[in-house]
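I have placed the structure first, in the form of structure tokens, so that the comments after it can refer back to it.
The values are calculated or read from the model by the stated rules, or taken from the named source; none is laboratory data. The structure displayed is predicted, hence computed values, not measured ones. With ideal geometry, Cβ positions are generated from the backbone for all residues, glycine too; neighbour counts draw on all protein chains shown.
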């Protein structure tokens with residue numbers, strides 16, 4: 001009975017109701033779209049940065065992160081990788097061995113990090129190979145060759161085919177030295193990688209540094225970052241059985257994680273202000289209509305309706321508005337966002353800014369239950385809570401004075 | 001009147017800086033200089049065994065070292081076969097390494113000086129900045145005590161303002177005859193990073209010398225590096241070509 005009255009009441013002022021509904025729906029649509037776009041951007045950012053070299057997660061010896069010592073190794077990485085590859089979420093795993101060396105060409109020498117990688121497995125994890133600007137990436141049959149970053153190649157005045165000498169400290173404490181040919185020069189766009197990193201075949205690394213059948217880390221990748229995040233537990237258990245630990249992307253790229261957290265907290269501020277504005281608009285409209293209908297409420301009370309019932313009726317009107325508005329908002333928001341997610345949203349002119357985070361200039365929103373429901377639900381809930389104000393107001397009305405009101 | 005004069009003298013005495021009051025106390029600068037002269041003299045040549053200990057392995061290397069003045073040093077490894085031929089040359093500002101497998105001389109970039117030297121607990125900095133403590137630090141005598149018939153002085157060395165140094169502070173123990181007994185290295189937060197202790201003092205090359213010294217990083221008790229000087233000669237005439245790049249690559253000794 002009350003519900004029917006409330007439903008009829010809101011359509012007594014169709015213009016006002018349509019306006020209220022549109023503001024709720026619009027706010028819902030906007031929050032869905034922005035949230036999804038943001039998640040999409042974060043997702044691309046994360047995956048692109050992690051695809052460069054890190055992988056989505058890494059298995060490491062205990063204490064390797066705080067002190068990456070060549071001597072902290074994973075013995076027989078092949079056996080562990082076979083088990084990792086068997087996990088449903090893992091699409092690729094790759095062994096790496098790393099240490100710091102002196103690289104020199106003639107009279108020039110620089111310090112750099114050298115990665116021993118398995119070229120066949122590495123391409124499943126890292127797209128460093130696709131950033132080669134000169135020459136080629138490592139091949140499985142390669143022996144004494146390296147790929148170097150463009151900054152390092154410039155500093156050492158290296159060209160494809162040049163010989164590079166490498167001097168470091170082997171695992172057994174002896175001097176590790178080798179002469180390597182430059183097979184390719186990569187340009188990832190990340191200055192620290194391009195200036196300080198070289199990759200060489202793992203087998204050669206192992207013999208140069210007396211680390212036969214050993215690796216320092218195993219990088220794993222999945223279809224999506226979320227898949228690996230969801231199976232961190234399984235990865236951790238597997239690592240633990242081998243006396244190792246798993247490190248997720250937030251530990252591999254803490255700076256990126258911080259940037260995302262900072263950006264997200266700023267945008268939450270934006271969403272909250274949007275929701276607050278919408279809630280005030282709706283509340284204002286409703287208070288107006290309550291004021292207008294004071295005379296009518298007095299009449300209703302005079303013919304026997306209790307103030308609490310009138311209050312509930314007004315609140316129901318608000319519930320209907322919020323419900324219908326958010327439903328339209330969710331439908332529109334999910335519809336538009338899904339469409340944009342398919343075609344992509346280009347940001348012409350933002351290439352330079354985006355490339356800083358290895359992002360393409362076309363973004364794809366990423367819609368899921370959270371991004372689809374969080375905004376509209378927050379709006380609906382706020383409106384329902386704000387409805388207490390007119391409810392309290394109506395309950396204080398006296399029949400006679402209310403009927404005398406203008 | 002006499003009483004007032006006596007009080008004045010007493011006050012004047014009390015105001016006199018303690019260093020003046022105890023003129024017999026040796027000068028910290030001179031003690032460190034003496035330790036350095038004892039260690040390297042005007043020139044030196046020595047045969048040294050370096051033992052690197054790790055939780056899971058231990059290895060020893062034999063080397064021959066030459067020094068000239070405070071600045072020039074050449075170290076050439078002679079055994080075991082795996083290490084023989086590797087050499088490090090330190091001249092005034094530059095550090096070079098020679099590797100026989102590469103048959104090439106490589107100048108160490110500054111960024112690599114903090115790296116371990118030949119897998120030991122010493123870094124290239126220990127070699128290339130060995131005389132830093134003399135010229136880039138200010139020295140203060142902390143205490144002196146008698147032990148085994150010798151005076152042992154504890155000296156604190158604090159980097160001069162803006163000096164480009166590796167350590168936040170060093171504490172050095174020196175005997176009155178210049179024999180170095182220990183050195184403690186502090187980082188910028190004044191936390192102890194590593195400690196070098198003289199395990200044995202003995203006569204070498206006609207002087208008392210810290211024959212066996214052990215360097216231990218403080219946070220890793222399972223690791224240490226021991227330097228044992230087996231023989232040494234001091235203040236000898238060394239050929240000028242010794243500390244050159246060409247000698248580093250093609251030894252004439």
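Remarks
- Identity of the residue in segment B:36-52, within 14 Å of another protein chain (Cβ to nearest Cβ) and buried (at least 18 other Cβ atoms within 10 Å of the Cβ), that ends up farthest from residue B:209 (Cα to Cα): B:52
- Checked against the criteria, residue B:139 does not count as closer than 22 Å to residue B:40 by Cα, away from chain A (no Cβ under 14 Å) and over 17 Å from the mean Cα position of the chain (by Cα).
- Residues in segment B:95-112 that are out of contact with any strand residue (DSSP E or B) (no Cβ under 6 Å at 6 or more places or on another chain), more than 9 Å from chain A (Cβ to nearest Cβ) and at negative phi: 1 in all.
- Count of residues meeting criterion [in contact with a strand residue (DSSP E or B) (Cβ under 9 Å, 6 or more places away or on another chain), in a loop (DSSP other than H, G, I, E, B) and more than 10 Å from every other protein chain (Cβ to nearest Cβ)] in segment B:81-92: 3
- Selection count where residues are more than 17 Å from residue A:329 (Cβ to Cβ) and either buried (at least 17 other Cβ atoms within 10 Å of the Cβ) or in contact (Cβ under 8 Å) with a residue 40 or more places away in the chain (or both), scope segment A:11-50: 15
- Qualifying strands (runs of 3 or more DSSP E) (wholly inside segment B:93-186; at least 1 residues being out of contact with any helix residue (DSSP H, G or I) (no Cβ under 7 Å at 6 or more places or on another chain) and closer than 19 Å to residue A:101 by Cβ): B:95-99, B:104-107
- Close pairs from segment B:117-129: first within 16 Å of residue B:67 (Cβ to Cβ), partner modelled with pLDDT of 80 or more and in a helix (DSSP H, G or I), Cβ under 6 Å, at least 6 apart: B:117/B:124
- Any hit, segment A:186-200, residues being within 14 Å of chain B (Cβ to nearest Cβ), in contact with a strand residue (DSSP E or B) (Cβ under 9 Å, 6 or more places away or on another chain), touching a residue at least 40 places away in the same chain (Cβ under 8 Å) and closer than 19 Å to residue A:75 by Cα: no
- The single condition from (1) touching a strand residue (DSSP E or B) at 6+ places or on another chain (Cβ under 6 Å); (2) free of Cβ contacts under 8 Å to residues at least 60 places away in the same chain; (3) in a loop (DSSP other than H, G, I, E, B) that residue A:124 fails is (2).
- Of the numbered criteria (1) modelled with pLDDT of 80 or more; (2) on the phi < 0 side of the Ramachandran plot; (3) surrounded by fewer than 18 Cβ atoms within 10 Å (Cβ to Cβ), the one residue A:344 fails is (2).
- All conditions in (1) out of contact with any helix residue (DSSP H, G or I) (no Cβ under 8 Å at 6 or more places or on another chain); (2) in a strand (DSSP E or B) hold for residue A:251, with the sole exception of (2).
- Among the residues listed as A:149, A:161, A:124, the single one being more than 14 Å from chain B (Cβ to nearest Cβ), under 33 Å from the mean Cα position of the chain (by Cα) and surrounded by fewer than 20 Cβ atoms within 10 Å (Cβ to Cβ): A:124
- Residue check, residue A:236 more than 30 Å from residue A:9 (Cβ to Cβ), free of Cβ contacts under 8 Å to residues at least 24 places away in the same chain and touching a strand residue (DSSP E or B) at 6+ places or on another chain (Cβ under 8 Å): yes
- Number of the exception - residue B:149 against (1) in contact with a strand residue (DSSP E or B) (Cβ under 8 Å, 6 or more places away or on another chain); (2) over 22 Å from residue B:215 (Cβ atoms): (1)
- Qualifying residues in segment B:193-214 (those that are out of contact with any strand residue (DSSP E or B) (no Cβ under 6 Å at 6 or more places or on another chain) and assigned to a strand (DSSP E or B)) - the one farthest from residue B:130 (Cα to Cα): B:203
- Filtered residue count, segment A:99-121, keeping only those that are in contact (Cβ under 8 Å) with a residue 60 or more places away in the chain and either more than 14 Å from chain B (Cβ to nearest Cβ) or more than 27 Å from residue B:112 (Cα to Cα) (or both): 5
- Looking across segment A:354-385, the residues that are crowded, with 19+ Cβ neighbours inside 10 Å and more than 28 Å from residue A:341 (Cα to Cα) come down to A:382, A:383.
- Residue match in segment A:218-232 (condition: over 30 Å from residue B:225 (Cβ atoms), in a helix (DSSP H, G or I) and within 14 Å of chain B (Cβ to nearest Cβ)): no
- Selection status of residue B:77, more than 15 Å from the chain's Cα centre (by Cα), more than 9 Å from every other protein chain (Cβ to nearest Cβ), touching a residue at least 40 places away in the same chain (Cβ under 8 Å) and crowded, with 18+ Cβ neighbours inside 10 Å: no
- Test: residue A:168 is within 9 Å of chain B (Cβ to nearest Cβ) and either closer than 25 Å to residue A:107 by Cβ or free of Cβ contacts under 8 Å to residues at least 24 places away in the same chain (or both): yes
Let's see how each residue does on (1) at pLDDT 90 or above; (2) touching a helix residue (DSSP H, G or I) at 6+ places or on another chain (Cβ under 7 Å); (3) assigned to a strand (DSSP E or B):
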site: A:100; (1), (2), (3): yes, no, yes
site: A:146; (1), (2), (3): yes, no, yes
site: A:154; (1), (2), (3): yes, no, no
site: A:159; (1), (2), (3): yes, no, no
site: A:164; (1), (2), (3): yes, no, yes
site: A:173; (1), (2), (3): no, no, no
site: A:188; (1), (2), (3): no, yes, no
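- Counting only helices (runs of 4 or more DSSP H) wholly contained in segment A:263-361, the ones carrying 1 or more residues that are in contact with a helix residue (DSSP H, G or I) (Cβ under 7 Å, 6 or more places away or on another chain) and either in contact (Cβ under 8 Å) with a residue 40 or more places away in the chain or under 19 Å from residue A:405 (Cβ atoms) (or both) occupy A:294-302, A:307-343.
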